[in-house]
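Notes follow the structure.
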Amino acid sequence: MESVFANVPALPVKMEVTECISTTNETKVTETPTNENQKTLLAVLQFLKKNNLGTTAAMLEKESSKLTGSDGLPSDSKNFSTSDVSSLLSTYSNQADPSSYQDSYRMLKQFIESNLDSHKWELAQVLYPVFVHMYLELLYNNHAEKAKLFFLQYSGELEDFHEEDLIKLSTMTKKEHMEGNELMRVFHSSEFVIKMSRDSFQMLKRYLQDKNLPMIMNIVQDHIFIDVYDGLPRTKKQIHSTAGGMGGEAKREENKIKVLYGLLKEPDIDITLDDDDEMASANDSEQTEGSSKPKKKKKREILSRKNKADPNAPALTRIPLPEMKDADKLEKISAIKESLKRVRLGGPDLVVPSICCYTFTNAFSGVTAINISDDSSLLAAGFQDSYIRVWSLTPHSLRNIKVASELSALDKESDDILDRMMDDKTASDCRTLLGHTGVVYAVGFSPCREYLISSSEDATVRLWSLLTWTNLVVYKGHVWSVWGAVFGPHGHYFASAGQDRVARLWSTDHHQPLRIFAGHLSDVECVLIHPNSNYTATGSSDRSVRVWDNLNGNCVRVYTGHKGNIMCLAWSPDGKYLASGGSDNQVLVWDIPNKVLIAEFTEHTSMVCAICFSRDGEVLASAGTDNTVKIWDIQKAISDIDTYDINLSHGHVTLPETTNYLLASVTTKSTPLLHLHFTRRNLLLAVGIYTPTVT
């Protein structure tokens, strides 16, 4: 296929699987023998071949020598049986009296409850993983009745946010149920991470040794990673703000890499303002400054901002980007002119945006995906019946490009050549795109509005031309449903996320992914490329947010704190902050350079499906299935965080207790909202599906 973007140096195609590997520290040292490495590799290889992942299996065989330090996998790896996979669970083999499990757990619980509050909440983090692994040990050793009694007695005393996982755990009632269970795989294949102060850790270690509780000590040693830090123990609120992840919290080692979050330097473009632009800039300055003198100064600042290099930005050549064409320059000029007419939100006057709501009615085929183009001129929706429909939000109709014979007769040097290429006879307010064979879960426009990306239940990602209204490419790589697909802000690159627990980075001119981002423990629900195109953020149903480096595929940030599936992500315009919303009704905001949670908005009463920063980054909008749009003063939330209060060694910050950052809450009659979009002038567009209430 001919490249969609010309003259773009290729980002190396790198089919790699990255993961954050546990690092040893003074609290735990584990050495894995070579034969254990080979055994694990054989199990993974068997799984890959069982799911028809032949290419990945071949790569694993080739690279296995690096992981095992030997000549690779044994020659009988192809005959590795299911019974061999089951033998990996043999660490749960235990001849202890089944009654001793309840006694040991009760003693641990009493020790924690009798401690001072300063240590109790940190020590209490151990209860959940210990409970899970004790239950699994009982099942594995065929003590089903004892396991049932153990579960009924203690499961109700654990934190509420573990309820979903405990329900899944309760479905395993026999040893036979353990094999192939997703939750079982997560707990047995990865260590549960707990952050704990050194004083709290020493108290726990001393107690387990003094009381001679080898059963719990073995679980802590084999299945729990205690990330010890020096300093005061965390409070209950601080622990709760980062708890909830399926695999525990993020290790401090996983967040040490520096992230170049700054924006790329804008190209030099000569911009000539017309009279309307001069007037708009003057009026805006007059409203905010109250004087006519700063008007020209403000205008010059906006137009000269593109020439300033951001010290936190990556090099322009770090990631190959498409060369800016004349059409792209015109689009950039248009965007800058629009920004002169932008209404400043938030601030001392607490200005809230106006909201325009688009509602789908009588959508019998079911709307499953919605997106609006960057210039707010197009709206696309995906449906359960595999259709994609695109509407124009402006008076301009959607047209086809003319046939080749008519195009050859045009004057290619004319100023309006792009408009002349379109056939007015084909004008329509709506277009339908057909090609997917399953539910469409995501749609996204390219920055130039010439292309649309979509993903579906059929495990494919498709690239569509909005000039010919046809399917250009089908990208195959995901194994199951693809939940998310989005273009990068500079075009050329796009990302996808799927049920196979990985995200992929693609370019329009390669049919294979350039990067595979693997590390999540469950489905990757959403994906979003950073404003500088050098990083990709993912949100997962394992209740963690990860940030990946597009250059090498490494994971550079891991954030935990959500108590439910993460459904949406939003980067701030300056690239410094990342917001996430989920099924736990929360909106969390993360500081990328300082690696901490800085804001927690909890006023939604149902799932948060969409979040969006205003174009100036002053406010954050969120919406969901509670039929409301909420506007948050994000800049005030950021300013309330004392820089000196950010404890990088702990990896947490103390959030204000009572401050309300909610600027406005607007409720629809009966429309759950699925998408939010700020126009270049800071008008907020909301899109949802009318759902009549049954009385």
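Quick look at the numbers
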quantity: Cα-Cα over 21 Å, subset of Lys195/Lys237; Lys258/Lys595; Lys576/Lys636; Lys332/Lys476; Lys120/Lys256; calculated: Lys332/Lys476; Lys120/Lys256
quantity: Modelled FRET efficiency - R0 51 Å, Lys325 with Tyr690, Cβ distances, 0.05 increments; calculated: 0.80
quantity: Accessible surface of Met107 - all protein chains present, 1.4 Å probe, nearest 10 Å²; calculated: 60 Å²
quantity: Integer Hz, Karplus 6.51/-1.76/1.60 couplings in order for segment 579-584, x for Gly and Pro; calculated: 9, 9, x, x, 6, 8
quantity: 5 angstrom amide H check on Val351, placed H, neighbours 5+ away; calculated: Gly346
quantity: Tensor-based shape of segment 395-505 (alpha-carbon gyration tensor, a/c under 1.5 rounded, otherwise prolate or oblate); calculated: prolate
quantity: For Lys563, distant residues with modelled amide H under 5 Å away; calculated: Asp584
quantity: Whole-angstrom gap from segment 542-610 to segment 406-469, using each part's C-alpha centre; calculated: 32 Å
quantity: Karplus (6.51, -1.76, 1.60) ³J(HN,Hα), θ = phi - 60°, over segment 325-340, in Hz, Gly and Pro reported as x; calculated: 8, 4, 4, 5, 5, 4, 5, 5, 4, 4, 5, 5, 5, 5, 5, 5
quantity: Area accessible to solvent at Thr359, 1.4 Å probe radius, in Å²; calculated: 60 Å²
quantity: Highest-first arrangement of 492-500, 478-486, 236-244, where packing means the average Cβ count within 10 Å; calculated: 492-500, 478-486, 236-244
quantity: Gyration tensor verdict on segment 514-628 (Cα atoms; rounded if a/c is under 1.5, prolate if a/b is larger than b/c, oblate otherwise); calculated: oblate
quantity: For Ala442, residues with placed amide H under 5 Å, excluding near neighbours; calculated: Ser455
quantity: Ordering of 222-228, 504-510 by packing [mean C-beta count within 10 Å, highest first]; calculated: 504-510, 222-228
quantity: Net charge of neighbours whose Cβ lies under 12 Å from the Cβ of His188, counting Lys and Arg as +1 and Asp and Glu as -1; calculated: -4
quantity: Charge context of Asn142, other residues only, Cβ under 13 angstrom, K/R +1, D/E -1; calculated: +1
quantity: Packing-based ranking, highest mean first, of 600-609, 370-379 given that Cβ atoms within 10 Å are counted; calculated: 370-379, 600-609
quantity: Three-way shape label, segment 328-419, alpha-carbon gyration tensor, a/c 1.5; calculated: oblate
quantity: Karplus-derived 3J(HN,Hα), 6.51/-1.76/1.60, for each residue of segment 157-172, Hz, glycine and proline x; calculated: 8, 7, 4, 4, 6, 8, 4, 4, 5, 5, 5, 5, 5, 5, 6, 8
quantity: Neighbour-limited loop hits for chymotrypsin sites (Phe, Trp or Tyr not before Pro), segment 310-410 (at most 14 other Cβ within 10 Å; DSSP other than H, G, I, E, B); calculated: Phe364
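The values are calculated or read from the model by the stated rules, or taken from the named source; none is laboratory data. Predicted model, so just to flag it, every value in this text is computed and none were measured. Cβ: placed from backbone, ideal geometry, glycine included. Neighbour counts: every protein chain shown. Quick note on the areas: whole protein, heavy atoms, side chains included, nothing else; ligands and nucleic acids left out. Shrake-Rupley method; radii C 1.70, N 1.55, O 1.52, S 1.80 Å.
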